[in-house]
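These notes are about the structure you will find just below.
The values are calculated or read from the model by the stated rules, or taken from the named source; none is laboratory data. Being a predicted model, the structure only gives us computed values, none of them experimental. Cβ coordinates were reconstructed from backbone atoms using ideal geometry, including for glycine residues, and neighbour counts include every protein chain displayed. The area values use the complete protein model at the heavy-atom level, side chains included, leaving out ligands, DNA and RNA. Shrake-Rupley method; radii C 1.70, N 1.55, O 1.52, S 1.80 Å.
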Amino acid sequence: TPTFVKFGNMAAGVVANDTTDRNFYTSVTTGGGTHTLSAYVYRYYAGLAGIVDNTNVQLFFNNAAQAGTVYQNIGGGWWRLSYTGTANATDNFGVTLVENSGVIVIDGVQLEANNLLTSYTDGSLGT
């Protein structure tokens, strides 16, 4: 049985069932400069954990899907996605679903004001 939560008690789960790109994002005032966006993604298809790559999920940075998203398999069906770029002063950041089938789970989305990919931090999880 797959675990559909990477951190805490909840994650966003989306059933992909059409060919329209879907963007899940929030508007952020960054002040500009170099930022790193990361997210943890699980792809569940035909009863199995699937590969996550730019054909099914991309990060959404400066209001656009980023084909240059980096993918790291971290085990257990989970993949860590990251993208570093120059952020606009205020824009939209999140995840774009490209795939048209299966279930995509999104957890641990983080935008950092630097060019380093660091461990996920969520103050609501406690110590």
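Restricting to the range 27-53, name every residue that is β-branched (V, I, T) and either modelled with pLDDT under 85 or within 17 Å of T84 (Cα to Cα) (or both). Please lay out each step first, then the result.
Filtering the range 27-53 down to residues β-branched (V, I, T) leaves 28-30, 34, 36, 41, 51-52.
Listed by number, the residues that qualify are V28, T29, T30, T34, T36.
Is it the case, given these coordinates, that F24 is among the hydrophobic types (A, V, I, L, M, F, W, C) and not in a loop (DSSP other than H, G, I, E, B)?
On the way: among the hydrophobic types (A, V, I, L, M, F, W, C): yes; not in a loop (DSSP other than H, G, I, E, B): yes.
Yes.
What residue, among those in the range 10-20 that are open to solvent by 90 Å² or more (accessible area, probe 1.4 Å) and at pLDDT below 80, is farthest from G76 (Cα to Cα)? Can you show your working first?
Just the residues of the range 10-20 that are open to solvent by 90 Å² or more (accessible area, probe 1.4 Å), to begin with: 10, 15, 17, 19.
Now narrow it down to the ones that are at pLDDT below 80: 15, 17, 19.
Details: V15: 20, N17: 24, T19: 27 Å.
Here the residue is T19.
Considering the range 27-44 alone, what residues qualify as being closer than 21 Å to V70 by Cβ and surrounded by fewer than 14 Cβ atoms within 10 Å (Cβ to Cβ)? If you could, list the steps in order and put the result at the bottom.
First, the residues of the range 27-44 that are closer than 21 Å to V70 by Cβ: 28, 30, 33-43.
Once the filter is applied, which keeps residues that are closer than 21 Å to V70 by Cβ and surrounded by fewer than 14 Cβ atoms within 10 Å (Cβ to Cβ), the range 27-44 yields only G33.
Given the conditions (1) touching a helix residue (DSSP H, G or I) at 6+ places or on another chain (Cβ under 7 Å); (2) surrounded by 18 or more Cβ atoms within 10 Å (Cβ to Cβ), report the number of the one that V109 does not fulfil.
Result: V109 fails condition (1) only.
So, in the range 48-89, of the ones that are polar (S, T, N, Q) and in contact (Cβ under 8 Å) with a residue 40 or more places away in the chain, which residue ends up surrounded by the most Cβ atoms within 10 Å (Cβ to Cβ)? Steps first, answer last, please.
First, the residues of the range 48-89 that are polar (S, T, N, Q): 54-56, 58, 62-63, 66, 69, 72-73, 82, 84, 86, 88.
Next, only the ones that are in contact (Cβ under 8 Å) with a residue 40 or more places away in the chain stay: 54-56, 58, 82, 84, 86, 88.
Working: N54: 17, T55: 9, N56: 20, Q58: 24, S82: 18, T84: 19, T86: 12, N88: 17.
Among those residues, the one meeting the criterion is Q58.
Kindly indicate whether any position in the range 64-71 is among the hydrophobic types (A, V, I, L, M, F, W, C) and closer than 15 Å to I106 by Cα.
At the first step, the residues of the range 64-71 found to be among the hydrophobic types (A, V, I, L, M, F, W, C) are 64-65, 67, 70.
Filter again for closer than 15 Å to I106 by Cα, leaving none.
No - not one qualifying residue is present in the range 64-71.
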